[in-house]
Amino acid sequence: MDEDFDDPTDFANPAFEGVDEHLRCPICSEFFQTAMILKTCSHTFCSLCIRRSLTVEQCCPSCRTHSVETSLHNNYVVDNLVSVWKNNRKSILDLEGQLKQANERDKNAVTMSDSPMDTSLSQPTDGDERSPPARQTRSSSRRSASQTSAEAPPPVPEDTRVDCHICHRKIDLNHLNQHWDLCEQGKPDPSLDKPSSTSSSPSPSAKKPVMFGVHQPSTSKSLTRMKKAVDLGKKPQKIVYNLETPVGLRKVLRELGLPDKGDKSTLIKRHKEWISLYNANVDSTDPVDVKVLRKRLLEQEGRLAIVTEEKINQDGIEQHRFGIRQLD
Amino acid sequence: MSTPSRRRLMRDFKRLQKDPPAGISGAPCPDNIMLWNAVIFGPAETPFEDGTFKLVLQFDETYPNKPPSVKFVSKMFHPNVYANGELCLDILQNRWSPTYDVAAILTSIQSLLHDPNPNSPANAEAANLYRENRKEYVRRVREIVETSWE
């Protein structure tokens with residue numbers, strides 16, 4: 001139906017499917033577009049989706065916590081994740097396809113030769129069957145858990161160093177608590193000066209805290225700076241619609257460069273939608289010119305107008321009473 | 001023409017196919033993604049057990065900001081279903097959330113069969129029988145269960 005239609009179900013691997021799903025707005029099911037987090041409940045939506053929803057009802061669509069537009073904040077991390085994921089989605093899908101083909105080839109190879117691979121594969125399941133399933137007391141499960149952990153192979157040696165959140169240097173995990181105590185008081189950590197604890201010899205510049213945390217927001221800051229390049233148009237003001245006459249509303253819409261046609265309810269809908277579109281555009285790190293935004297508003301109105309003309313004709317439903325019988 | 005609503009409905013359908021909730025099925029009409037046919041199987045251990053109840057869901061371009069209109073096509077005898085098959089269900093009216101999808105709507109209707117709400121009756125007779133004469137209520141429901149097979 002649509003070539004650029006992407007969906008989490010494109011992935012066979014549940015992990016990739018999960019990532020793809022979690023990077024989508026719960027309202028529109030598209031990848032987050034200008035992700036906004038509600039500070040009242042921490043749920044995240046596209047800017048336009050949540051702004052529209054809040055004009056209908058002032059609550060979080062996911063958990064119904066009372067929320068207003070001022071509860072919204074940009075969630076730049078999500079925006080960055082979405083853009084990385086979108087740029088690499090196709091490669092990951094291709095890789096997944098290749099992996100699947102390779103696996104199938106391997107499987108065929110195994111079934112053709114009566115290799116010992118088969119028996120080695122079936123062994124773990126035998127083991128599972130032997131272990132008592134349901135009738136496990138808590139102490140026995142604890143015992144078995146400790147057993148398995150004792151039997152488990154020693155963990156693969158890996159870099160146990162983590163970033164200190166204060167000075168952003170690599171600190172050994174076992175030493176982290178002591179390091180924090182010193183770091184919080186602004187004292188130097190003597191263990192870090194030992195050449196053995198850091199792989200590279202600490203140069204004077206490396207001793208200075210490398211501000212990783214500050215580095216990343218700076219990319220989004222540089223993106224926000226781009227906003228000034230486009231004309232965002234006049235900021236629309238909220239109106240108490242009950243107090244406005246159609247004449248007054250028309251004047252407001254004209255001043256915003258919008259059409260002034262239609263009855264009062266149409267004018268109100270147009271004004272509300274414009275506020276959502278306008279604010280979502282301001283939230284965006286890549287806003288469009290006000291003229292593009294006006295065009296979008298009109299396109300949308302066009303779509304809705306077609307709907308009202310076609311609106312739920314009973315004949316349509318009657319016809320499908322036949323169709324529905326084929327469903328079961 | 002692909003619009004946000006249509007794309008959303010296509011994803012709803014993919015999700016419904018991928019993990020179908022127990023006892024419900026639904027699909028858009030082949031020529032119109034805005035019109036869906038659905039079947040809800042009567043939940044076990046309720047008078048509706050073994051029934052196959054058919055519904056139509058009509059969406060428009062305001063979806064998911066506004067709920068679709070949902071209607072039973074099969075004959076229904078339930079405190080919260082009107083004679084014409086329309087439902088009195090909060091999530092399809094004032095408690096709608098744009099995060100709901102087709103699976104969520106159908107699951108809610110299924111649970112409505114399980115737990116009728118006699119305080120907001122759409123069918124006064126069904127509501128009265130449900131409250132005061134459960135035996136007769138069950139008998140009337142079994143009747144429509146049987147007609148649902150036809």
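The values are calculated or read from the model by the stated rules, or taken from the named source; none is laboratory data. Please read all numbers here as calculations on a predicted model, not as lab measurements. Cβ sites come from the backbone with ideal geometry, for glycine too, and all protein chains shown count toward neighbours. Side chains are part of the model used for accessible areas, which takes the heavy atoms of the whole protein and leaves out ligands, DNA and RNA. Shrake-Rupley method; radii C 1.70, N 1.55, O 1.52, S 1.80 Å.
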TODO: Using only the alpha-carbon atoms of the stretch A:8-111, report the extent along each of the three principal axes, biggest first, to the nearest angstrom.
DONE: 61, 23, 17
Open item on the list: Given a Förster distance of 35 Å, report the FRET efficiency between A:Ser91 and A:Asp286 from their Cβ-Cβ distance, rounded to the nearest 0.05.
Closed with: 0.95
Task: Residue-normalised accessible area of the stretch A:68-111, given per residue in Å² at a 1.4 Å probe - done: 71
TODO: Name the long-range amide H neighbours of A:Val230: under 5 Å, sequence gap of 5 or more, or other chain; modelled H, no Pro or chain starts.
DONE: none
- [ ] Name the residues of the stretch B:39-57, by number, that are at least 30 Å² less accessible with every protein chain in place than in the isolated chain; the surface is that of heavy atoms, probe 1.4 Å, without ligands or nucleic acids.
- [x] B:Val39, B:Lys54, B:Val56
- [ ] Could you tell me the accessible area of B:Ser97 in Å² (1.4 Å probe, neighbours in place), rounded to the nearest ten?
- [x] 0
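Out of the trypsin sites (Lys or Arg not before Pro) in the stretch A:40-109, which ones are loop residues according to DSSP with at most 13 other C-beta atoms within 10 Å?
Details: sites: A:Arg51, A:Arg52, A:Arg64, A:Lys86, A:Arg89, A:Lys90, A:Lys100, A:Arg105, A:Lys107; in loops: A:Arg64.
Answer by residue number: A:Arg64.
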Task: A:Lys269 accessible area, assembled protein chains, probe 1.4 Å, Å² - done: 140
Task: Computed E for B:Asp115/A:Val240 - FRET, C-beta separation, R0 51 angstrom, nearest 0.05 - done: 0.80
Task: For the stretch A:15-41, residues shielded by at least 10 square angstrom of accessible area compared with the chain on its own, probe 1.4 Å - done: A:Glu17, A:Glu21, A:Pro26, A:Ile27, A:Cys28, A:Ser29, A:Glu30
Task: the stretch A:1-56: radius of gyration over Cα atoms, expressed as a fraction of 2.2 N^0.38 Å - done: 1.28
TODO: Relative to the longest principal axis of the C-alpha atoms of chain B, give the angle of the C-alpha long axis of helix B:102-114, reported between 0 and 90° and rounded to the nearest 10°.
DONE: 0
Task: chain B: Cα Rg divided by the 2.2 N^0.38 Å rule of thumb - done: 1.05
Open item on the list: On a 1.4 Å probe surface of the protein chains, which of A:Thr34, A:Thr55, A:Thr70 comes out largest in accessible area, and what is the full order?
Closed with: A:Thr70, A:Thr55, A:Thr34
Open item on the list: For the interface of chains B and A, what total accessible area is buried with a 1.4 Å probe, rounded to the nearest 100 Å²?
Closed with: 3400
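Counting only C-alpha contacts under 8 Å and six or more residues apart, can you give the relative contact order of chain B as a whole percent?
23
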TODO: Have a look at the stretch A:64-85 and report residues whose accessible surface goes down by 10 Å² or more when the remaining protein chains are included, against the chain on its own, probe 1.4 Å, ligands and DNA/RNA excluded.
DONE: A:Arg64
- [ ] Please give the FRET efficiency for A:Asn177 paired with A:Asp106, using the beta carbon to beta carbon distance and R0 = 45 Å, rounded to the nearest 0.05.
- [x] 0.45
TODO: Please calculate the 1.4 Å probe accessible area of A:Val282, with all protein chains present, and give it to the nearest 10 Å².
DONE: 50
